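A short worksheet on the structure shown next.
Values quoted throughout were computed directly from the atomic coordinates according to the rules given, and no laboratory measurement underlies them. Keep in mind that what you see is a predicted model, and the values were worked out from it rather than measured. In this analysis, Cβ positions are derived from the backbone assuming ideal geometry, glycine residues included, and neighbour counts consider all displayed protein chains.
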Amino acid sequence: MKFAPLLLVASLGMSAAHAQPIPLEKVKEKAATCAACHGADGNSDTPAQSQYPRLAGQYHDYLARALHEYKSGGRKNPIMAGMAAPLSDTEIDALSRYFAAMPSKLDDLSRHEQGD
């Protein structure tokens, strides 16, 4: 019987670790902030956006790690630090999965650089 409270605490901790998914419309609202620099489709394909990395098609765990590092200060960029600071872990996961699932133009970088 001593283990019953411990089991309850463990199960509560597990359920808290698995937060409810964010509805797609909310993810799109959050992603709209990213569009100014990274493009509406995450491909940074206008001349004004060419200095920003493409997000579409990147591995979701890479994007999530980058956002966590901006948030924690592990990566130094004042703009991205400000963007990542208010994001929860669940929002970071949702945004990184959203951009990872988008069609990528990563395979045509050479054409983008040449202006074709």
Of the trypsin sites (Lys or Arg not before Pro) in the range 66-104, which ones lie in a loop per DSSP and count no more than 15 other C-beta atoms within 10 Å?
-> Arg75, Lys76
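Calculate, in nm to one decimal, what Ala19 and Ala32 gain on full extension: separation in residues at 0.36 nm each, minus their alpha carbon distance. The partial results should precede the final answer.
Values: separation 13, 0.36 × 13 = 4.68 nm, distance 2.26 nm.
Contour length minus the Cα-Cα distance gives 2.4 nm.
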